[in-house]
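The structure appears right after this line, and notes come after that.
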Ligand code: PGA
């Protein structure tokens, strides 16, 4: 049984006070206990949001990290810093980081290994561009991203990793992949992981869909066999919508 996981990716939104207001809005509602809930907040809000989440079962995520523990890397944040705050998850390899900040498969791989070493669970993002989809290359692209991300990662560690399939053309565009396409690609990722590891790992790895997920589309997506959760940007910024997503 794979536990469903709904994660809100706030991206570069919300100051500390705005973050606390959003968490308050979320907390004041009844949330499904059988769904794992995660908020991925800006670095500056991590500490305060962690305190605000005390006594709830909502998990805390960062949106990126460096792979080194410390050093001369101006402007970067290390896994030790995240760990001390009590960060449970870290989004790694989000397409916006790949697109705007030179994130490549090699750095994604280093970050995943470092996060695992420090007990931070990576939410690893993969997904094709519109051009790649239109030329029928989505499986080739996504397979390569998954295999490069997981290079040298032990089978035992896969239970601590969540994969998020996020077709780039569906992020922030209002275009959701059809639930069948999303299901197909999540199944394809599962098969790729099964071929690399084994049947157990294949069945246990959790795979989310992300890209313009809304309260109106979540139920259909979550009814699909291969989709274990959602990574949600825009709709996670409104407390009521996030609550609806969790309580799908
Ligand atoms: P979106 O973002 O829901 O706003 O499309 C998803 C994501 O980038 O994780």
Quick check on residue 60: is it over 14 Å from residue 164 (Cβ atoms), more than 16 Å from the ligand (Cβ to nearest atom) and in contact with a strand residue (DSSP E or B) (Cβ under 7 Å, 6 or more places away or on another chain)? yes
Among (1) at pLDDT 95 or above; (2) in a helix (DSSP H, G or I); (3) out of contact with any strand residue (DSSP E or B) (no Cβ under 9 Å at 6 or more places or on another chain); (4) buried (at least 16 other Cβ atoms within 10 Å of the Cβ), where does residue 128 come up short? (2)
In this structure, is residue 177 crowded, with 22+ Cβ neighbours inside 10 Å, within 22 Å of residue 134 (Cβ to Cβ) and more than 10 Å from the ligand (Cβ to nearest atom)? yes
Collect the residues in segment 11-47 that are buried (at least 21 other Cβ atoms within 10 Å of the Cβ) and either within 14 Å of the ligand (Cβ to nearest atom) or more than 16 Å from residue 215 (Cα to Cα) (or both), keeping them in residue-number order. 19, 22, 23, 36, 38, 39, 40, 41, 45, 46
Output the residues belonging to segment 142-184 that are closer than 18 Å to residue 110 by Cα, out of contact with any strand residue (DSSP E or B) (no Cβ under 7 Å at 6 or more places or on another chain), in a loop (DSSP other than H, G, I, E, B) and touching a residue at least 24 places away in the same chain (Cβ under 8 Å). 150, 151, 152, 153
Being surrounded by 18 or more Cβ atoms within 10 Å (Cβ to Cβ) and not in a loop (DSSP other than H, G, I, E, B) is the filter here; which residues of segment 216-233 pass it? 217, 218, 221, 222, 229, 230, 231, 232
What single numbered condition from (1) in a helix (DSSP H, G or I); (2) within 28 Å of residue 117 (Cα to Cα); (3) touching a residue at least 40 places away in the same chain (Cβ under 8 Å) fails to hold for residue 52? (3)
Segment 218-243 residues that are in contact (Cβ under 8 Å) with a residue 40 or more places away in the chain and more than 20 Å from residue 173 (Cα to Cα), paired with ones that are away from the ligand (no atom under 16 Å from the Cβ) and outside any helix (DSSP H, G or I) (beta carbon under 7 Å, 6 or more apart): 222/4; 228/2; 228/4; 243/29; 243/31
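The values are calculated or read from the model by the stated rules, or taken from the named source; none is laboratory data. Model, not experiment: these values are computed from the prediction. Because the Cβ atoms are built from the backbone with ideal geometry, glycine has one as well, and the counts that use them run over all protein chains shown.
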